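Nothing in this text is a laboratory measurement; each read-out follows from the coordinates by a stated rule. Computed from a predicted model, the values in this text were never measured in an experiment. So basically every Cβ, Gly included, is an ideal-geometry build from the backbone, and we count neighbours across all protein chains shown.
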Amino acid sequence: RGSNSAAAIAENAMRVATTGVGELDVPTMKKYIQYCKVKCSPRLSDEAGDILASSYVKIRDDVRKRVMETGGGQAQMAIPITVRQLEALVRVSESLAKMRLDTRVQGQDIAEALRLFRVSTMNANSADPSQAGGGGSDPAPGVSMSASLPSRDELVRAETFLRSRLAIGAVLNRQRVVEEAAAQGYGGVGVARGLSIMV
């Protein structure tokens, strides 16, 4: 039930954002969000805490192994999951539970927060710094320049993918398109930027 209601809420929010029409109008949606903020303070369940802790350790170990296998030394080693990202995962998980007005963060909330983390942070961190675009400001620590500024070639590839994937006038879920592109080897940042340019 909780998963279906969260999906229905998300679908309605996207419909309102894209068309202005939905089951809940914008003022009602704002009231619901405010109600969630005030009345619900979910906490991690034991199961969710165990999943989060083991996932945190596994991701750090996997990144450390990958950096060592590729010949990166300690100086080049930028582990993308720090305590700050762990805290962000907890907040995202709590927000997902809050949307359902649940008092406990469940395993499904942690799983979704980890999925979002992998799609965003991990894909951006795995970008090749040698393909960086020029100009702009310095990226945040631990993020390669190519994650901040996709190269022209990346944008052209992303545009080609988007043109083959999307029909003119189609309604789309931007996150799903970016995830699909990332799964096919396209840079998520480049695809997101291409979408912004094209739409």
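Tabulated data for the structure shown
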quantity: Reachable lysines, given that their alpha-carbon falls under 16 Å from the alpha-carbon of residue 37 and they are not under 8 places away in the same chain; calculated: 98
quantity: Calculated FRET efficiency for the pair residue 41/residue 153, C-beta based, R₀ 35 Å, to 0.05; calculated: 0.15
quantity: Cβ-Cβ FRET estimate between residue 60 and residue 18, R0 fixed at 41 Å, reported to 0.05; calculated: 0.60
quantity: Nearest-0.05 FRET efficiency for residue 69 and residue 25, computed from C-beta distance (R0 45 Å); calculated: 0.25
quantity: Residues of type aspartates and glutamates that residue 31 reaches as a straight line, Cα spacing below 18 Å, ignoring anything fewer than 8 places off in the same chain; calculated: 11, 23, 102
quantity: Ranked packing of 45-57, 23-35, most packed first, by mean Cβ within 10 Å; calculated: 45-57, 23-35
